[in-house]
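Below is one structure, written out as structure tokens, with a few remarks after it.
The values are calculated or read from the model by the stated rules, or taken from the named source; none is laboratory data. Computed from a predicted model, the values in this text were never measured in an experiment. A quick note on method: Cβ atoms are made from the backbone with ideal geometry, for glycine too, and the neighbour counts reach across all protein chains shown. What goes into the accessible areas is simple: the full protein's heavy atoms, side chains included, and nothing from ligands, DNA or RNA. Shrake-Rupley method; radii C 1.70, N 1.55, O 1.52, S 1.80 Å.
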Amino acid sequence: MTQNAVSQEEIALMAHLLRRAGFGASRDEIEARAQQGYDSVVEELLNPADDPGIDEDLMYRAYPSYFDKAAIETGQTEIVYRMINNKHQLKEKMALFWHTILCAGDNKVDNARTTSMQYDTFREKGMGNFKELLLWLSTDPAMLYYLDNIESHKTAVNENYGRELLELFSLGVGMDQEFNYTEDDVKACARAFTGWNLAPTIPVFPYGRTPFEFRFDPADHDYGEKTFLGETGNWNGDEVVDIICKQPAAARFVARKLYDFFVADEPPVPAWRLSEPRDMAAIEALEKAYFDSGYEISAMLRVLFTSDFFKAEGVRYAKVKSPADVVIGTMRMAQDHTEPKPGLFFVAMEPKYMGMDLLNPPTVEGWHMGREWINSGSLIDRINFASKVLGDTSLPGIQSMVNRLMAQGENLTAEQMVDGCLDLVGPLTISDETRTELVGHVAQGGDLRHSTQEEQADFARRAGETFQMIATTSEFQFG
């Protein structure tokens with residue numbers, strides 16, 4: 001039975017969904033997903049099967065260090081491999097989402113096993129319940145160490161975790177020109193988490209650091225009365241999280257963060273008290289889903305991905321790709337490293353060279369997103385990486401695109417070559433000026449034919465060159 005044809009708009013919309021809800025896909029997968037239907041794909045993304053995502057047996061065999069991530073680079077390599085190959089792409093994208101918000105860096109934790117375990121939990125809990133996520137975070141060894149809760153005692157309270165939980169992880173300083181909490185709330189929050197500590201560690205030598213483990217010390221917990229966000233009681237950390245999640249500011253926080261990550265850039269969190277959301281109606285729809293579902297992130301994502309504001313043409317290619325999007329999106333398009341093989345480590349280091357050192361955010365505030373990803377140094381790395389991969393016509397994904405171009409006819413003009421390449425890497429729309437330059441370069445070699453073996457080799461070479469040139473355009477930096 002022949003499949004029904006899908007329109008160019010359906011392909012463009014599906015490509016948009018797969019870029020935002022994952023890390024992009026090959027043209028073959030985009031078309032297959034478009035054939036499956038948009039709403040069906042959204043439901044599949046939101047309901048991943050109980051599949052580990054990758055064949056870990058092959059990973060153990062190819063990379064013995066994978067079994068025990070004692071070095072941050074091993075954890076980064078695993079993350080990149082999963083991003084490339086996990087068929088449950090939204091799980092990987094949500095892991096990255098929370099990693100950019102609930103930040104703990106290995107530069108301070110100095111225990112790569114513990115830091116990697118935090119990221120693994122983001123992958124598992126990322127589409128779940130926000131309250132459960134915050135409760136887990138408050139017992140996460142990497143976070144407790146990173147934000148000094150191990151130094152917080154009932155007789156000497158350290159406010160770091162309590163402050164960041166409110167300021168950067170759940171509420172934000174303010175909304176609608178009002179403050180969301182006071183200094184007294186920070187102090188009460190910090191008191192509620194006294195005694196939330198780590199178990200004593202075993203000696204580092206001779207086997208290196210072992211993963212940190214959470215331990216609650218009741219003798220070090222402040223059981224006194226606390227007034228927090230207007231409610232008074234002998235609150236502990238669990239109850240503080242419960243009070244936080246009931247706040248309208250919590251719904252606004254999660255909604256704006258999701259909108260910023262998946263739809264269009266929002267201002268940084270510290271500016272939210274005085275800066276209205278870009279699309280208040282969209283934020284209100286997400287806030288409603290937050291409360292109606294009992295704080296379920298997947299319910300908010302369903303509203304987001306099926307909304308008109310997400311599907312709108314105006315938000316496509318309106319976000320600067322993060323380094324992870326550049327690297328993983330390019331690899332998935334080229335269909336490279338789809339199984340363990342030498343060279344994965346070097347691919348995994350590329351996001352760091354572009355400014356995104358996975359497992360090691362620069363501060364608790366995370367990375368500065370949007371156009372701040374681009375500077376004179378990082379742009380060179382982004383262009384060099386993408387153009388090198390897209391110009392390698394021996395890679396399966398690039399070979400497939402070349403074959404698709406050949407299938408368009410025995411003789412292609414420069415305009416047809418450029419438009420065909422733009423369609424296959426996107427579909428990507430570029431400025432008239434840029435298109436004219438690309439067409440002019442391709443035209444210097446004349447029309448493209450592939451009747452003979454020699455012509456086929458030349459056709460592939462020139463197609464690879466065109467893909468490379470597209471990777472250097474400013475439009476390619478947006479996703």
Hey, how many Å between the Cα centroid of region 238-276 and the Cα centroid of region 11-30?
27
Tell me, in nm to one decimal, what length is gained between THR227 and ASN375 on full extension, where the rule is 0.36 nm per residue of separation less the Cα-Cα distance?
48.7 nm
Dimensions in Å of the chain - Rg and Dmax from alpha carbons:
24.4, 84
May I ask you to give the average projected area over all directions of the convex hull of the Cα atoms of region 226-351, in nm² rounded to one decimal?
11.4
Compare the Cα positions of HIS368, MET117, ALA285 along the charge dipole of the chain (+1 at Cβ of Lys, Arg; -1 at Cβ of Asp, Glu; about the Cα centre) and return the one farthest towards the positive end.
MET117
Once you charge only the Cβ atoms, +1 for Lys and Arg and -1 for Asp and Glu, what is the size of the charge dipole of region 259-414 about its Cα centre, to the nearest 20 debye?
380
FRET efficiency for ASP392 and GLN453, Cβ-Cβ distance as r, R0 = 22 Å, nearest 0.05?
0.65
Plugging the Cβ-Cβ distance of LEU46 and THR429 into 1/(1 + (r/R0)^6) at R0 = 22 Å yields, to the nearest 0.05, a FRET efficiency of 0.15
Which value in Å is the Kirkwood Rh of region 315-415 over different Cα pairs?
15.5
Have a look at region 113-171 and give its Rg and Dmax from the Cα atoms, expressed in angstrom.
12.1, 38
Accessible area (Å², per residue) of region 24-100, counting only protein heavy atoms and a probe of 1.4 Å
40
Too long at a 23 Å Cα-Cα cut-off: which of LYS319/LYS352; LYS87/LYS321; LYS87/LYS246; LYS226/LYS288; LYS69/LYS257?
LYS87/LYS246; LYS226/LYS288; LYS69/LYS257
Cα-projected label distance for PHE205 with HIS368, points at 7 Å along beta-carbon direction, nm
4.3
Here FRET efficiency (C-beta to C-beta, GLU124 to GLU415, R₀ 51 Å, nearest 0.05) is 0.55
Using unit Cβ charges (K, R positive; D, E negative) and no other charged atoms, how large, in debye to the nearest 20, is the dipole of region 182-324 about its Cα centre?
660
Surface/4 of the Cα convex hull for region 139-180, nm²:
3.4
Dipole check, the chain, charges on Cβ (K,R +1; D,E -1), about Cα centroid: among ASN236, PRO270, MET94 the Cα furthest to the positive pole belongs to MET94
Given Cβ point charges of +1 (Lys, Arg) and -1 (Asp, Glu) and nothing else, what value in debye, to the nearest 20, does the dipole of the chain about its Cα centre take?
460
How far apart, in nm, are two points set 7 Å out from the Cα along the Cα-to-Cβ line at SER7 and at GLU239?
5.7
Percent of accessible area on the chain owned by carbon and sulfur, 1.4 Å probe?
50
Heavy-atom surface of region 419-479, accessible at 1.4 Å and reported per residue (Å²)
49
Determine the distance separating the Cα centre of region 165-201 from the Cα centre of region 105-120; give it in Å without decimals.
22
